[in-house]
């Protein structure tokens, strides 16, 4: 049995999954981790989703207002033992649906070139590469994406 629950960044399960994500990213990003970590605070995330398998938290993601028409996908993570089962796609679709409910036209996001599985996930789900935005402009390791989510 698998289900998703909407919550916010004060949720204990969300916090624990993000800690695992941060540990994974610290290894992948190496010396670049401090730069990226400064943009990944969860204190202002009001729209988070946690995925559960038999009541065990195994996946998370969030959206955060970027501007009037776009929300940014943040903190996407699936426990390694649960990858390859379509959970990340379902989680991403849940975030996109929520963004649409909130009146946003687009979801945007940034991921790193050292995360090929994330890049494949976003491409598979209809995200298109866009010029790096905001703090990611000029950052060699960053890849930014966008997808229209308004109906």
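Quick note: the coordinates plus some simple rules give every number you see, no bench work behind them. All values derive from a computational prediction rather than experimental measurement. All Cβ positions, glycine included, derive from the backbone under ideal geometry; neighbour counts span all protein chains shown.
Exposure proxy shown here: for 72, 16, the number of other Cβ atoms within 10 Å sets the order, fewest to most, as 16, 72. In the chain, the calculated helix contribution to ellipticity at 222 nm averages -9500 deg cm²/dmol per residue, counting -39,500 (n - 2.57) for every DSSP H run with n ≥ 4.
Nearest 5 is fine: what % of DSSP beta bridges in the stretch 2-148 come out antiparallel, could you say?
90
Taking the inverse of the mean reciprocal distance over all distinct Cα pairs, the Kirkwood hydrodynamic radius of the chain comes to 15.5 Å. Residue order for 24, 13, 81, fewest other beta carbons within 10 angstrom first, comes to 81, 24, 13. Note on the stretch 53-79 and the stretch 83-101: Cα centroid distance 8 Å, given to the nearest whole angstrom.
Relative contact order, whole percent, for the chain stands at 19, derived from Cα pairs under 8 Å and 6 or more residues apart. In this label model, residue 132 and residue 23 are separated by 2.9 nm, measuring between points 7 Å along each Cα→Cβ vector. Remark: 8, 3 ranked as 3, 8, counting other beta-carbon atoms within 10 Å and listing the fewest first.
Between residue 5 and residue 151, what length in nm is gained on full extension when 0.36 nm per residue of separation is reduced by their alpha carbon distance? Net length gain for the segment: 50.3 nm.
Put a dot 7 Å past the Cα of residue 69, heading toward its Cβ, do the same for residue 140, and the two dots end up 3.4 nm apart.
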